[in-house]
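Everything on this sheet refers to the single structure shown next.
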Amino acid sequence: MRPAALALMALACLPSPRLHPRAAEELQRGYRHLESGDLERAEVAFAHALEFHPDLPEAWNGAGVVAERRGDLAAARERFERAARAPDFAEARVNLGVVALETGRSDAAEAHLRAALAVDPDLAVARLDLARGLLHRGLAEPRRRRDLWQRARIEYLHLLEGPGHAAEAWHDLGYMDLESGRFPRAEQEYRRAAELSPTPAAFHGLCISLVRLARCAEAEEWCRRCLELAPGSAACRRSLAGAEACR
């Protein structure tokens, strides 16, 4: 399961056509450089766009992504805060949430992500980050796990109502139910995740769920499929051995 703090940053939408055309051009260049991994040219392009339009939130957001990817979280936070001055720019609020998660400020992260969702309830990356933040808090705080995971579950179900990240939502729902001993529901959720995105993680979760349900032959099949995708997976090998032993 990918930690929420490592979720991909949301790229900004195109800015208003009322911008200086050179600012818009540099902004688009900056995001293309980000996508190709050229942080140096991305930073210069965003800085150039800001010379034309010093308050351009998309450029501050891009500059924040550059800083975050370099590991300079203080600079990233400052730049995202500049971008978030635009009241309807949800992406900057998502990224402030990511920085807060990376620095262990879970309450601040939740506030930023909920602020992003108040702007755009269908912003899938914000919903996924919020849900996974709650999931990981539940792992770190066992006494609060039940409450935190129930809150996470609601966010995952919201995610399934919108576009994007359905496979991740089904996978994480399966994980929480497996860990909570709700094996029939975990099996259904992992199966749906595997249908949407056939990954080793989904196959492995489905294998374990089936073992817990004493459906050993089916479990073996899914563990073998996991090993086909990830031949070096020690977890899949252990689970396959467990499936074989339960027959």
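The values are calculated or read from the model by the stated rules, or taken from the named source; none is laboratory data. Remember, it's a predicted structure, so these values are computed and weren't measured experimentally. In this analysis, Cβ positions are derived from the backbone assuming ideal geometry, glycine residues included, and neighbour counts consider all displayed protein chains. Ligands, DNA and RNA are excluded from the accessible area calculation, which covers all protein heavy atoms including side chains. Shrake-Rupley method; radii C 1.70, N 1.55, O 1.52, S 1.80 Å.
When the residues of region 206-219 are filtered to those that are open to solvent by less than 20 Å² (accessible area, probe 1.4 Å) and under 30 Å from the mean Cα position of the chain (by Cα), the one that is farthest from Cys246 (Cα to Cα) is Leu206.
Here Arg70 meets the list (1) exposed (fewer than 15 other Cβ atoms within 10 Å of the Cβ); (2) of a type in the set (Lys, Arg); (3) closer than 25 Å to Glu110 by Cβ almost entirely, failing just condition (3).
In region 230-247, of all residues being more than 11 Å from Phe203 (Cβ to Cβ) and assigned to a loop (DSSP other than H, G, I, E, B), the one that is most open to solvent (accessible area, probe 1.4 Å) corresponds to Arg247. Hey, any hits in region 101-115 for a residue that's open to solvent by less than 60 Å² (accessible area, probe 1.4 Å), at pLDDT 95 or above and touching a His at 6+ places or on another chain (Cβ under 9 Å)? The answer is no, given that none of the residues of region 101-115 is open to solvent by less than 60 Å² (accessible area, probe 1.4 Å), at pLDDT 95 or above and touching a His at 6+ places or on another chain (Cβ under 9 Å).
Filter region 211-232 down to residues that are of a type outside the set (D, E, K, R) and closer than 17 Å to Ala194 by Cα, then give me how many there are.
Going residue by residue through region 211-232, those that are of a type outside the set (D, E, K, R) are 211, 213-214, 216-217, 219, 222-223, 226-227, 229-232.
Right, trim to closer than 17 Å to Ala194 by Cα and you get 211, 219, 222-223, 226-227, 229-230.
Looking only at that region, the number is 8.
Yes or no: Ala217 modelled with pLDDT of 95 or more and assigned to a helix (DSSP H, G or I)? Explain how you work it out, then say what you get.
Numbers: modelled with pLDDT of 95 or more: no; assigned to a helix (DSSP H, G or I): yes.
For Ala217, the condition - modelled with pLDDT of 95 or more and assigned to a helix (DSSP H, G or I) - is not met.
Kindly indicate whether Glu78 is buried (at least 23 other Cβ atoms within 10 Å of the Cβ), charged (D, E, K, R) and either without any contact (Cβ under 8 Å) to a residue 40 or more places away in the chain or farther than 21 Å from Tyr156 by Cα (or both). It is false that Glu78 is buried (at least 23 other Cβ atoms within 10 Å of the Cβ), charged (D, E, K, R) and either without any contact (Cβ under 8 Å) to a residue 40 or more places away in the chain or farther than 21 Å from Tyr156 by Cα (or both).
Cβ-Cβ contacts under 7 Å between residues 6 or more apart (or on different chains), taken from a first residue in region 30-46 that is surrounded by 20 or more Cβ atoms within 10 Å (Cβ to Cβ) to a second residue that is part of a helix (DSSP H, G or I) and basic (Lys, Arg), are listed as His33/Arg41; Ala45/Arg29. Look at (1) over 22 Å from Pro184 (Cβ atoms); (2) in a helix (DSSP H, G or I); (3) open to solvent by 40 Å² or more (accessible area, probe 1.4 Å) and you find that Leu227 fails only one, number (3). On the basis of being at pLDDT 95 or above, buried (at least 24 other Cβ atoms within 10 Å of the Cβ) and either part of a helix (DSSP H, G or I) or not charged (D, E, K, R) (or both), does Gly181 make the cut? The answer is no for Gly181. Kindly indicate whether any position in region 195-202 is touching an Asp or Glu at 6+ places or on another chain (Cβ under 8 Å), assigned to a helix (DSSP H, G or I) and of a type outside the set (D, E, K, R). No.
Residue count for region 141-174 under the criterion of being open to solvent by less than 30 Å² (accessible area, probe 1.4 Å), more than 24 Å from Cys207 (Cβ to Cβ) and either free of Cβ contacts under 8 Å to residues at least 24 places away in the same chain or assigned to a helix (DSSP H, G or I) (or both): the result is 3. The lone criterion from (1) in a helix (DSSP H, G or I); (2) more than 16 Å from Ala24 (Cβ to Cβ); (3) free of Cβ contacts under 8 Å to residues at least 60 places away in the same chain left unmet by Pro87 is number (1).
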